1. Within region 4-31, can you find the residues that are polar (S, T, N, Q), more than 15 Å from the chain's Cα centre (by Cα) and either part of a strand (DSSP E or B) or modelled with pLDDT of 95 or more (or both)?
2. Counting just the residues of region 63-76 that are at pLDDT 95 or above and loosely packed, with under 15 Cβ neighbours inside 10 Å, which one comes out farthest from W105 (Cα to Cα)?
3. Looking at region 97-113 only, could you name the residues that are in a strand (DSSP E or B), open to solvent by less than 40 Å² (accessible area, probe 1.4 Å) and either farther than 19 Å from Q1 by Cβ or in contact with a Phe, Trp or Tyr (Cβ under 6 Å, 6 or more places away or on another chain) (or both)?
4. If C95 meets every condition in (1) touching an Asp or Glu at 6+ places or on another chain (Cβ under 9 Å); (2) free of Cβ contacts under 8 Å to residues at least 40 places away in the same chain apart from one, which number is that one?
5. Considering (1) free of Cβ contacts under 8 Å to residues at least 60 places away in the same chain; (2) surrounded by 12 or more Cβ atoms within 10 Å (Cβ to Cβ); (3) charged (D, E, K, R), say which one R38 fails and leave the rest.
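The values are calculated or read from the model by the stated rules, or taken from the named source; none is laboratory data. Owing to the predicted nature of the structure, the values given are computational and were not obtained by experimental measurement. Here the Cβ is made from the backbone with ideal geometry for all residues, glycine too, and neighbour counts use every protein chain on show. Surface areas here come from the heavy atoms of the whole protein model, side chains and all, with no ligands, DNA or RNA. Shrake-Rupley method; radii C 1.70, N 1.55, O 1.52, S 1.80 Å.
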Amino acid sequence: QVQLVESGGGLVQAGGSLRLSCAASGSTHSINTMGWYRQAPGKQRELVATITSGGNTNYANSVKGRFTISRDNVKTTVFLQMNSLKPEDTAVYYCNAVWYQFTFWGQGTQVTVSS
């Protein structure tokens with residue numbers, strides 16, 4: 001089992017930056033891919049970025065060049081640095097971890113970008 005706790009969300013003006021963190025606990029030694037997803041009101045949850053245990057990254061086209069995902073494998077923490085934020089980035093951001101055939105989710109953290 002894996003538990004995920006996100007932090008770092010908040011309110012920011014357009015063009016600003018935020019850094020999200022997600023700390024994993026439990027059976028963290030077998031976590032493979034970790035990532036961030038987001039869900040805006042009335043929309044489906046969508047992928048933002050993922051990173052494997054080997055450091056390979058994948059980004060949604062909408063955030064490429066603005067967001068950076070990174071990972072501390074020792075502490076099993078994943079970060080999402082979000083720069084040049086836009087109002088359309090407003091959503092609840094969820095941390096995700098793949099552990100064997102199971103997928104775990106955090107409780108989510110709200111990011112609101114004002115215009």
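1. Q13, S25
2. Filtering first and then ranking leaves G65.
3. A97, T109, V111, V113, listed by residue number.
4. (2)
5. All conditions are met except number (1).
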